[in-house]
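Quick notes on the structure that follows.
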Amino acid sequence: MRKILLIEDDEATAQAYAESFSEEYSVEVATSAQQGLTQAIHSKPDLILLDIMLPGGKNGFDFLQDLKNNSQISQIPVVILTNLDDQRQAALDYGAQECFVKANTSIPEIEVAIEKLLKK
């Protein structure tokens, strides 16, 4: 079973995504950028779903930068899930493959994007 690492600090949001994806994927959840980086190095997921606004001093952009600078995990595709539409271009510039605004995107739409990325 393919693995997804979900880095999301909002418990209700994380639970909703994890439950939706759990039939198709093994889903791990991290609640901060640092925890996510540690888990990514340890478990080498097939894809990372990443929130931008995270606690602990590092945000999703910091995580992306750390990911891209680590040769062990730099090739893992990242899908950004954000609340702010104006972060889309920055997310893509930092190396994310996709960026979705949570309020404007359904979970099935995100699932379609994940499938496309994992088939590449």
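Nothing in this text is a laboratory measurement; each read-out follows from the coordinates by a stated rule. Please read these numbers as outputs of a predicted model, since none were measured by experiment. Cβ atoms come from the backbone with ideal geometry, glycine included; neighbour counts cover every protein chain shown.
Some values worked out for this structure:
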item	result
When the stretch 31-82 is reduced to its Cα atoms, the Kirkwood hydrodynamic radius in Å	10.8 Å
The stretch 39-60 versus the stretch 1-31: alpha-carbon centroid distance in Å	11 Å
Relative contact order [Cα under 8 Å, 6+ residues apart], the chain, whole percent	22 percent
Lysines whose Cα lies under 20 Å from that of residue 3, excluding same-chain neighbours fewer than 8 positions away	44, 68, 116, 119, 120
Rounded D (µm²/s) - the chain, Kirkwood Rh over Cα pairs, Stokes-Einstein at 10 °C, 1.306 mPa s	114 µm²/s
Relative contact order of the stretch 1-56, pairs being alpha-carbon contacts under 8 Å that are 6 or more residues apart, as %	49 percent
Förster radius 22 Å - calculated FRET efficiency between residue 74 and residue 2, Cβ distance, rounded to 0.05	0.75
Mean projected area (nm²) of the alpha-carbon convex hull when the stretch 1-68 is viewed from all directions	4.1 nm²
Residue-averaged [θ]222 nm for the chain, counting only DSSP H segments that reach four residues, each worth -39500 (n - 2.57)	-12000 deg cm²/dmol
Gain on full stretching of the segment that runs from residue 84 to residue 10 - 0.36 nm per residue minus C-alpha separation	25.1 nm
